[in-house]
Structure formats: structure tokens, C-alpha cells
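Structure first, commentary second.
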Amino acid sequence: MSDERIRFFLPGPTWVLADAREAMTAPAIGHRGASFKALYASLQAPLRATLRTGGDVLLASGSATLVMESAVVSTVRGSILHLTGGAFAERWLAISRTHGLDADQVSVPWGEAVAPDLVREALRRKRYDAVAVTHNETSTGVLQPLREIARAVREESDALVLVDAVSSLAGVELETDDWGLDVVLAGTQKAIAAPPGLTVFTVSERAAERAAAKPNRGFYTDLLRYRDKHAAGGTITTPPIPIVRALDRQLARIVGEGLPARWERHHRLHGMTREWAARRGFAYASAENAHSPTVGCLRPPEGVAAPALVARLAEEGIVVGGGYGAWKQETFRIGHMGEVRETDLTALFDAIEGAAAGLSGVAA
Ligand SMILES: Cc1ncc(COP(=O)(O)O)c(C=O)c1O
């Protein structure tokens, strides 16, 4: 592991370690030449290990929202069910509606997880082409019970399971094949800890068949176009090659750590945060049974305003995330994902305590 000290705890983009940053400075190559083809091909094994699939893992040049849109545009003809309870799940619902799809939602209050039985009930009431799940809702720090939700969808229907794994992949247990997930997508800038600009994703055979039956899938949003180009050894458009190089470096680190060990480290980081928060009067905004292992969404103690706390830390060169949307004023977020280690978090806790004490006028 690197001994680089991390003082950057945004819940994405996350800190990129020096060797991955340096990988981006290699001389230019063309994306249809032999060097890039070899680089692209070498990503498959670590990507499959990271997404826990025996199938192909595809690469889109663009942030995760592009593939959220592509997934619904490519596979949904009639109705889609979105599981909502935070800003990113709501964004996905808005995307479906923008495309004129019949989009319903199982909605829970912000901070809560969706009970799989609610999904079962919705699927018994109406047929859906797909169910869209935000595995880890970064705005509220909530992890959804994806395995159980996917099982409910499989048992109750033939709907595809579309998964936004943006802030869970490579940080939280996720089994694409074993859990029967049809499209799993994640940007490179969260727990993978590479720079932003690329999205990795899977497309199951079932999803590809549904897509083939849909007449208009757009161009940049056509999942099958990505599959075809992948079979030919590359991407559909010019990729951000420096970021591909950084991803290559990061994937080697991820595979070297091992996925179960990486999941375990994220659980430990969450456990530390939870223990510290309880001791120091910071309260989780997410429900007790739904805390995310990658991002803690917290309310500061009485008398300390969350935006002021974020600003005070920034003055010290320490970056945490502000609250999101409706929770902007009352919460702040600690992204403990990617390459963050226990020692980084301990130093952060000390800094937060100092900043909070300064703001409330109490000695640390
Ligand atoms: C859960 C989740 N979904 C989707 C997105 C959107 O990702 P991007 O900004 O890469 O399009 C984010 C970004 O933070 C996210 O956290």
C-alpha cells in the first residue's frame, strides 16, 4: 500500500494516488493502434474481477450519468420502476421521464433503505421492463439491500435489474453474476479511485436481447454499439487515454488488495466513523440499518453549522463533502472510500473535532 497521506474525503471524485496520477503523463498514443488495443485488452481481467462477472466489461467515455441514460434508453420500451430515496436515484427517474418512458417509483424518505417486499408488491401490481436501483445513494449515505432486491425482482418478474454502482463498486460487496444483475455501471472516480471521465459497465445477455428488440437506442447511448466495438477490441469513440492508463494502474492495486479485503477495509472505515461519531455527538442522517460503508452522511452537534464546518476544514487543506440537495444545510459527508486508510481517517476526526470546537467556541 502507498504511504501517501490522504486529506481529501469527498464522496467522489476521490483521491488518486501518485503512481496512478503519473501514469497519465505517458506519451500520446492513438486509440485504434496496437498499443491502445493491448492496454484495453489488459483491463478485462481486473475489471471482471472487480465487477465479479465472467462476462465482458465495457468502457464508456463519459461520466456515470451517460450510462444511466444509456441503460434505460437501450433496454426499456414501456415501463420502468425506479427505487428512490435520494438525489441520484431521483436523477435516474428524471432521465427515464425525459425519454417519455412510463416511469414509476417505489419511494422511501431520504436516508432510508428500500425494503425488498415493497419491490415485490410493486411488481405484483404491474409489469415492468426494468427495475433501476441505486446501490449506494451517495447523497444520503445509504446502502440498499441490492442482493435481496435483485432476488425479489427475479422471483416476481422478468424485469431487468439495472444497477447504479457508482459509489459502491470496489468498495462494497457486489456480485454481478451471482446476484443476477443485468446492467451494472460505475464511474471511475469513486471507490475505484481513478480520475473521473470513464464509466465501466456490464450488459447481461438478457439485457442485450432486450436492447436488440428496441428500435431506437440513440448513438452514444446504445449499449449494443459498445458491445460490438468491444468485440473489435476498443471503444466506440476516442477515449480519455490518460484516464484509461490511470485506471489500469488502479485496477492492478485493487486486484492486488483483493476484492473481499477491500470490502472489509471499507467496512472497517465505516465502523471507525460510526464509533467516533457516536462518541463525539455527530449523528448519522441515514437510518441505523442503512449506513453506507463508503460514505458517512452526518449532522454536526448542536451549535455547529455543517456548511461552516466544511469551509473551516477546507481552510486547513482538508476536504470533506457538503450536504446534498435538501440536506445541504444540515449535513456533511465523509467519503471514506477508494484508497483511504484508517490512519487518514483518524487524522480527519482530529481535524473535525478541532474545527467544530472552534465554531462552537468550545475548547477541543
Ligand atoms: C450514486 C451516484 N449515481 C450517479 C452519480 C453521477 O455520476 P457522474 O457524476 O459520474 O455522472 C453519482 C455522482 O456522484 C453518484 O454518487
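Sub-6 Å Cβ pairs linking a first residue in segment 187-202 that is open to solvent by 10 Å² or more (accessible area, probe 1.4 Å) to a second residue that is away from the ligand (no atom under 11 Å from the Cβ) and assigned to a loop (DSSP other than H, G, I, E, B), at least 6 apart or interchain, are Pro195/Val16; Gly197/Pro240, ordered by first then second residue. Among residues of segment 315-364 being open to solvent by 10 Å² or more (accessible area, probe 1.4 Å) and among the polar types (S, T, N, Q), the one that is modelled with the lowest pLDDT is Ser360.
Is it the case that Val255 is open to solvent by 50 Å² or more (accessible area, probe 1.4 Å), within 27 Å of Thr25 (Cβ to Cβ), among the aliphatic types (A, V, I, L, M) and assigned to a helix (DSSP H, G or I)? Answer is yes for this residue. Arg312 passes all but one of (1) assigned to a helix (DSSP H, G or I); (2) surrounded by fewer than 17 Cβ atoms within 10 Å (Cβ to Cβ); which number fails? Checking Arg312 against (1) assigned to a helix (DSSP H, G or I); (2) surrounded by fewer than 17 Cβ atoms within 10 Å (Cβ to Cβ), the one that fails is (2). Annotation note: of Thr98, Thr75, the sole residue that is more than 22 Å from Ile192 (Cα to Cα), surrounded by fewer than 16 Cβ atoms within 10 Å (Cβ to Cβ) and among the hydroxyl-bearing types (Ser, Thr, Tyr) is Thr98.
The residue list Glu121, Glu148, Glu156, Glu137 contains one member that is modelled with pLDDT of 95 or more, among the acidic types (Asp, Glu) and open to solvent by less than 20 Å² (accessible area, probe 1.4 Å), which is Glu137.
Among the residues making up segment 315-335, those that are within 10 Å of Ser139 (Cα to Cα) and either part of a helix (DSSP H, G or I) or more than 24 Å from the chain's Cα centre (by Cα) (or both) are Gly325, Ala326, Trp327. At least 1 residues being under 30 Å from Ala283 (Cα atoms), touching a residue at least 24 places away in the same chain (Cβ under 8 Å) and more than 16 Å from the ligand (Cβ to nearest atom) is the threshold, and among the strands (runs of 3 or more DSSP E) wholly inside segment 15-124 those reaching it are 102-107.
The values are calculated or read from the model by the stated rules, or taken from the named source; none is laboratory data. The structure presented is a predicted model; accordingly, all values stated were derived computationally and were not measured. Every residue, glycine as well, gets a Cβ built from its backbone with ideal geometry; the counts of neighbours run over all protein chains shown. For the accessible areas, the whole protein counts, side chains as well, though only heavy atoms, and no ligand, DNA or RNA atoms are used. Shrake-Rupley method; radii C 1.70, N 1.55, O 1.52, S 1.80 Å.
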